[in-house]
């Protein structure tokens, strides 16, 4: 019996690595500490009723953002471990197997469990406020999306201490990711972690399209909508076309591994290149899914801090939508070397280059918005300014990569690594940081310390260039990705050491941000105006943080940048249009709100159970998990009491408390 | 402005409810915000907005499902000749059973249409009766499919036999799984109808499942054409 348990746990837990053992102990202690704290302060009920069952888009957004910051920490530690290894490969800090696991989890976590939830967090908090709505179209589905993301991410992350991490690269090409190349459970954690959170992403895509098309305040025609909401629409349209491809691709890989099918195997007539095509038909649109909202954020910030209307609003809309269209026709540029022939490669090279046109349009729009504006430079604007040159260089190296014949040299080299980190950090990460700093007071009701934010900014930026510029050179010197060792006589070590130093500077920058948040919470400076940046769009017309129902009265919109125009009219002493006045002076009415529900949490937890069962091939657990999913779905279907009204008295009290400080 | 926005919503409102004219007027009065964000005393309109948004959301879900099946069809077409020296579909598949199940599924689409007509007439008994008939036809389709799969496995063609059979079972099986989930859902809906009758909420649910059912029928027509007619005959 004892031997059985020993055998089981040596297979079940990852053993024999001091780094991971340390992590296991740390995770165990943290869990104990969390349970103890919650019990000691009697916070379990609070946690359940206020957070785990909430359907409020603002709280769901905050949960997304907290998770993504934790994931940024883990992905960042992965990155630094790799940099240490590459700076001194002779030391064998990480062996080949461990290194493979770390570059795999770094990629997956940063794209799917850091960038995506940070993006969804901003969608959730800001879009309904910008549209003048009281929630998203389907609040229950929204909570479901979050918990699917959460449990998917947990399933993926648990592989690090239980069973072993996946190690076949972030897109897991077969035959390496097939049963013959990866017999362990790591790859199964990969499949189910991503599959479960992917279902949540798909639902979010649908939810926000309906929200944006159906729930805008009266008068807000599409061409008067704030640019961030436009970028969310373009991103969500891309999501609903791209994510089903991911679902199928992972499902087919699962069938290969679980039932011995022959989709992507080398024997039995399978075709591994099929997988590579399919995964990039999702994967390429995916990078546009995460970058498009960042473009929207920059557009809001530039207009606010230049105190000017966004230059070229219509061309910006056109650029966003054309990028989401063209994103579906560039996938093969990830494997020009596959040997599809000159005509196929030429087609994909040209479509890739075409994307540079709308992107260039945007850059000029931002520059012209700033031209002759009354500029100020708080942290959100600094990130925006840092983004523009960084993204332009990243974009240009992308155009170099799109030249198919030249790509045979660049392919899988550090030149490529430097390129995509430059667009993903310089574009996506800078963009979401800018958005976090910009909307932070709206989310939490207090401002972040500017001075510490500037330290973080400079460390991030200087660290970024020191880390990634040498990698372009290394790529051209012949260094390829995904190996942990190289010989000293290759001459790569000096630049690798420089790059590692840059990586650690970004690590320090992250610590500054954590310090900034902790400092700002400790010396809390309440933001009482609700409009601390002198903003332009509807989210700045309500108190910070927004009350539960967002708008006590739904506003009527008459122009683009409606809140800004209204402030100008008031300053000039002009009257608002009669329908605007009527909406503002209408008597308060009870507000119809969705009820909290524990079903999204429970249903997603059952998905986790089913996924865990599939990973370990435990049929009983799969049955329990899937049965739980179906039962919770039916429970929802039979629930008719799903909403309630907030009475007028309560609205009056909330408004008086929030506005009292004016 | 509110009027202009409300007009865009008109087709959807009409799709879910017969009375397009009054619905649009109500939505215009409300401005563009739905989702239970209306005012007290307008409860009916509130639900109206919310139900129509759910139908729209379901159409978007169907788009994602089209992509899902599209990828499976593409996979099947790419791998259709990769039998790795094993049996081909033409050798093992028996068409009479397939043709029978095709007609059964097509008929079930027709009966679900009749159920909708009964619902619009306000006839709860007729609605439930025709939904039950639809579900029984769906169940017979699934029965025939399971029998076919068992026959094929018996003949030595499993999902692991070759890429062709992997793609075959996955495509046809995913459709079958959709129909099976539809059956569970339809049963749950019949119980709700029996308890609550025809309300705006149950009406929306019947509309949505009928969209789903017709969609699966269309997918089956493609399966029948590409997998069976072009692949077998």
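A few points about this structure:
- Of residues in segment B:178-187 being surrounded by fewer than 18 Cβ atoms within 10 Å (Cβ to Cβ) and free of Cβ contacts under 8 Å to residues at least 40 places away in the same chain, the one nearest to the other protein chains (Cβ to nearest Cβ): B:184
- Single residue of A:523, A:504, A:510 found to be in contact (Cβ under 8 Å) with a residue 40 or more places away in the chain and over 23 Å from residue A:450 (Cβ atoms): A:504
- Restricting the first member to segment A:591-613 and to residues that are under 25 Å from residue A:160 (Cβ atoms), and the second to residues that are part of a strand (DSSP E or B), no beta-carbon pair is closer than 6 Å while six or more apart or on different chains.
- Complete set of residues in segment A:82-117 that are in a loop (DSSP other than H, G, I, E, B) and modelled with pLDDT of 95 or more: none
- Residue within segment A:461-478 that is more than 24 Å from the chain's Cα centre (by Cα) and not in a helix (DSSP H, G or I) present: yes
- Inside segment A:458-491, residues that are surrounded by fewer than 21 Cβ atoms within 10 Å (Cβ to Cβ) and over 22 Å from residue A:389 (Cβ atoms) make up a count of 14.
- Residue in segment A:135-145 that is assigned to a helix (DSSP H, G or I), within 13 Å of chain B (Cβ to nearest Cβ), surrounded by fewer than 24 Cβ atoms within 10 Å (Cβ to Cβ) and modelled with pLDDT of 95 or more present: yes
- Any hit, segment A:271-282, residues being at pLDDT 95 or above, in a helix (DSSP H, G or I), within 14 Å of chain B (Cβ to nearest Cβ) and under 18 Å from the mean Cα position of the chain (by Cα): yes
- Taken as a whole, the structure places residue B:129 among residues that are more than 23 Å from residue A:263 (Cβ to Cβ), without any contact (Cβ under 8 Å) to a residue 24 or more places away in the chain and either part of a helix (DSSP H, G or I) or under 18 Å from the mean Cα position of the chain (by Cα) (or both).
- Looking across segment A:561-620, the residues that are within 13 Å of chain B (Cβ to nearest Cβ) and farther than 30 Å from residue A:637 by Cβ come down to A:562, A:577, A:578, A:579, A:580, A:582, A:583, A:586, A:587, A:588, A:589.
- Within segment A:192-219, being within 16 Å of the chain's Cα centre (by Cα), at the interface with another protein chain (Cβ under 9 Å from one of its Cβ atoms) and touching a residue at least 40 places away in the same chain (Cβ under 8 Å) holds for A:202, A:203.
- Only residues that are in a loop (DSSP other than H, G, I, E, B) and free of Cβ contacts under 8 Å to residues at least 60 places away in the same chain were counted in segment A:531-546, giving 1.
- Hits in segment A:374-395 - residues which are in contact with a helix residue (DSSP H, G or I) (Cβ under 8 Å, 6 or more places away or on another chain) and surrounded by fewer than 17 Cβ atoms within 10 Å (Cβ to Cβ): A:374, A:375, A:376, A:377, A:392
- Pairs meeting the criteria (first residue in segment A:220-243 and within 12 Å of chain B (Cβ to nearest Cβ), second residue surrounded by 24 or more Cβ atoms within 10 Å (Cβ to Cβ) and not in a helix (DSSP H, G or I), beta carbons under 6 Å, at least 6 apart or on different chains) are A:220/A:557.
- Within segment B:140-177, the set of residues being within 14 Å of chain A (Cβ to nearest Cβ), closer than 28 Å to residue B:212 by Cα and free of Cβ contacts under 8 Å to residues at least 60 places away in the same chain comprises B:149, B:159, B:169, B:172, B:173, B:177.
- Total residues in segment A:23-55 satisfying the condition of being touching a helix residue (DSSP H, G or I) at 6+ places or on another chain (Cβ under 9 Å), assigned to a helix (DSSP H, G or I) and free of Cβ contacts under 8 Å to residues at least 24 places away in the same chain: the figure is 6.
- Residues satisfying the stated conditions in segment B:191-208, i.e. part of a helix (DSSP H, G or I), surrounded by 14 or more Cβ atoms within 10 Å (Cβ to Cβ) and in contact (Cβ under 8 Å) with a residue 60 or more places away in the chain: B:193, B:200, B:201, B:203, B:204, B:206, B:207, B:208
- Residue in segment A:207-221 that is in a helix (DSSP H, G or I) and farther than 18 Å from residue A:129 by Cβ present: no
- Looking at segment B:1-103, the helices (runs of 4 or more DSSP H) lying wholly inside it that each contain 1 or more residues that are at pLDDT below 50 and facing another protein chain (nearest Cβ under 7 Å) sit at B:2-8.
The values are calculated or read from the model by the stated rules, or taken from the named source; none is laboratory data. None of these values were measured; they are calculated from a predicted model. Positions of Cβ are backbone-derived with ideal geometry, glycine not excepted, and every protein chain shown enters the neighbour counts.
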